[in-house]
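**Student:** Below you'll find the structure I mean.
What follows draws every value from the coordinates through simple rules; no lab data is involved. In this text the structure is predicted, and so the values were computed from the model without any measurement. Cβ sites come from the backbone with ideal geometry, for glycine too, and all protein chains shown count toward neighbours.
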Ligand SMILES: *[C@@H]1O[C@H](CO)[C@@H](O)[C@H](O)[C@H]1NC(C)=O
Ligand SMILES: *[C@@H]1O[C@H](CO)[C@@H](O)[C@H](O)[C@H]1NC(C)=O
Ligand SMILES: *[C@@H]1O[C@H](CO)[C@@H](O)[C@H](O)[C@H]1NC(C)=O
Ligand SMILES: [Zn+2]
Ligand SMILES: [Zn+2]
């Protein structure tokens, strides 16, 4: 989830709206400091937590882009003139603290973890332009991209294949469990400090809440908190009271204590969860990576260009290669070692493709070094789908980061959508995680903008981070064409669970089924398209969607969803490629005529 965004600010460093004079003063002061080591007088404005969840909306984008470029240019220049790693860390940390982006240990930890990467990139790409960094990492701020970030992959010509229709009187189906974003926290502290000021609260080393402070609940907390192990166990226990043939785990295992990861500790946590899945589920489990699995988080260097072993992410691919084949029940070693992706067919006519969608995440700032189809994954995806089409298979795609979001690199998002369009009939389901919200996004045909051709469903999250009730989804799948018939979302009321004796298990309940809530026949794109028209007309459906996003989490829904919020939701569900607002505009216009 976006909370980790504060990490990237450590290099770009951002500006604020305020008065232009203040902004210029700060920018010039920091540049002077980078060049001379002379600290500027204290800056009069602060941008606390600017890169946390949705914070970018409050700031002036042009200033942010300008400051990013100025600071990056100065840092690169100094590095080329001999700035040491220690000086670089100290400099960037000073600016991080001066702007109150995070506190000392968080600024320092995050910068230290990322410094070697910056140094590697600058040393090996000395004429790098600031647009490379600011245009990608700050894509959601609309910073200019300059040259580059433009490539295409080869997709087999032709139209999407003719496929058998979902038969209305087909009765055969099976279930799939989707779990997402557990974010297991080994340091969760019951009665810890809920409003801690750091990117993750309820930590052992943040002390005990005083009488005046909000205290972290037993099961977990609506605060910026993750999942204690017993919540993971409880969730898995609960899911096992239901029937399913497969499990999809759509990524993010590590907690939001992002400034203090190590390879050893990530390895231990990741292995612990996979082992627990293996012990708990007697059906195949299909995992994919989340952006939190690497050390430091978000970054995926392609070893083919990398001269420095210590920065490599190979350790993670090796770990997954060992564990995933076992969980899936098929050998997926080769492609997992290559780039953390795979293809497996659990029954005739049906294929599951695990995509490492974190490669498009703009916080993966190796993209500034080389953004061209990292790990050749999209080319592999197009080729693999072509084979599936020829074999008349139906395919489910799992990928962590939703492709329509501002934090999926534009060119990657566009090429992914080209693939989705070309193989629209072969792909019968897409599954995301990452946002921790229960949501979906509809893909429309770029040549026929009112034709819906695909839907990506988000598994929401087990972690409450933040303001949500823990949840999971159970999909029913047609067993001949493998389209999605319906899903149920299961959750429990965290306020209620935390108010009861800790010996009592939470009261899980079915929050809704998609077909019941939205009054359609199934989850195919053409049916979900009808839901968007209904939402534009009947705004109470947008209120429902809003509640579902947080799974009725008290802290999430308390403010309700006003008109601006409803329009944002409608726009969001109609958007699956970053930068393409065609359907967003279309439906929000219809919204104006609805009630
Ligand atoms: C790694 O895990 C060990 C054992 O839980 C813990 O003592 C240590 O503090 C962790 N290291 C970091 C950097 O968090
Ligand atoms: C998208 O629209 C074009 C133009 O109408 C059509 O040729 C193509 O088959 C459509 N794609 C799908 C997946 O239906
Ligand atoms: C959750 O439970 C609490 C405590 O019983 C209750 O006050 C609250 O209204 C419940 N939330 C919802 C959304 O039902
Ligand atoms: Zn997550
Ligand atoms: Zn994520």
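**Student:** For the ranges 438-451, 149-162, 101-114, what's the packing order if you count other beta-carbon atoms within 10 Å of each residue, average per peptide, and put the highest first?
**Tutor:** Values: 438-451: 17.4, 149-162: 12.4, 101-114: 20.5.
Packing proxy ranking, top to bottom: 101-114, 438-451, 149-162.
**Student:** While we're looking at this one, here's another question. Quick one: helix 20-36 against the long Cα principal axis of the chain, what's the angle to the nearest 10°, folded into 0 to 90?
**Tutor:** The angle comes out at about 70 degrees.
**Student:** Express as a percent, rounded to the nearest 5, the fraction of DSSP beta bridges in the chain (both residues included) that run antiparallel. Display every interim value, and only then the final one.
**Tutor:** Numbers: 31 of 53 bridges.
Given both bridge residues lie in the chain, the antiparallel proportion sits at roughly 60 percent.
**Student:** Tilt of helix 377-390 relative to the longest C-alpha principal axis of the chain, in degrees (0 to 90, nearest 10)?
**Tutor:** In the chain, helix 377-390 runs at an angle near 10 degrees to the longest axis.
**Student:** Give me 263, 520 ranked fewest to most by other Cβ atoms within 10 Å of their Cβ, as a rough exposure proxy. Could the numbers behind the result be given before it?
**Tutor:** On the way: 263 14, 520 18.
Taking fewest neighbouring Cβ atoms as first place, the list is 263, 520.
**Student:** Within the range 215-232, list the residues whose amide N lies under 17 Å from a label point set 7 Å along Cα→Cβ of residue 195.
**Tutor:** 215-217, 221-225
**Student:** Sticking with this structure for a sec: Quick check: residue separation of residue 558 and residue 154 times 0.36 nm, minus the Cα distance between them. What number comes out in nm?
**Tutor:** On the way: separation 404, 0.36 × 404 = 145.44 nm, distance 4.79 nm.
Fully extending the segment from residue 558 to residue 154 adds 140.6 nm.
**Student:** Give me the percent relative contact order of the chain, please, defined on Cα pairs under 8 angstrom at least 6 residues apart.
**Tutor:** Details: 1219 pairs, mean separation 78.9, N = 595.
For the chain, the relative contact order is 13 percent.
**Student:** Can you give me the C-alpha center-to-center distance between the range 193-233 and the range 455-484, rounded to a whole angstrom?
**Tutor:** 26 Å
**Student:** Another question about this same structure. Please arrange 81, 256, 32 by counting, for each residue, the other beta carbons lying within 10 Å of its beta carbon, fewest first.
**Tutor:** Working: 81 8, 256 24, 32 14.
Ranking 81, 256, 32 by Cβ neighbours within 10 Å, fewest first, gives 81, 32, 256.
**Student:** Along Cα→Cβ, 7 Å out, is where each label goes; now give me the distance between the ones at residue 568 and residue 105 in nm to one decimal.
**Tutor:** 3.2 nm
**Student:** Quick check: Cα centre of the range 340-386 to Cα centre of the range 509-532, how many Å?
**Tutor:** A separation of 28 Å, based on Cα centres.
**Student:** Using a Förster distance of 35 Å, how high is the FRET efficiency between residue 479 and residue 581, based on the Cβ-Cβ distance and rounded to 0.05? Provide the component values of the computation, followed by the final result.
**Tutor:** Working: r = 38 Å, r/R0 = 1.08.
It comes out at approximately 0.40.
**Student:** Taking 0.36 nm per intervening residue step and subtracting the Cα-Cα distance, what contour gain separates residue 537 from residue 242 on full extension?
**Tutor:** On the way: separation 295, 0.36 × 295 = 106.20 nm, distance 3.56 nm.
Taking residue 537 through residue 242 to full extension adds about 102.6 nm, to one decimal.
**Student:** Enter the Cα centre distance for the pair the range 569-595 and the range 115-166, rounded to the nearest angstrom.
**Tutor:** With the range 569-595 and the range 115-166 each reduced to a Cα centre, they are spaced 25 Å.
**Student:** Each label point is 7 Å from the Cα along the Cα-to-Cβ direction; what then is the distance between the points at residue 331 and residue 372, in nm?
**Tutor:** 3.2 nm
**Student:** Moving to a separate point now. Between helix 582-593 and the chain, what is the angle of the helix's C-alpha long axis to the longest principal axis, kept within 0 to 90° and rounded to the nearest 10?
**Tutor:** Helix 582-593 and the main axis of the chain meet at about 80 degrees.
**Student:** How many nm is it between the label spots at residue 510 and residue 392, if each spot is 7 Å from the Cα in line with the beta carbon?
**Tutor:** 3.4 nm
**Student:** If you don't mind, another one. In nm, what is the difference between 0.36 nm times the number of residues separating residue 383 and residue 213 and their Cα-Cα distance? Write down the numbers at each step before the final one.
**Tutor:** Numbers: separation 170, 0.36 × 170 = 61.20 nm, distance 5.54 nm.
Extending this stretch completely gives an extra 55.7 nm.
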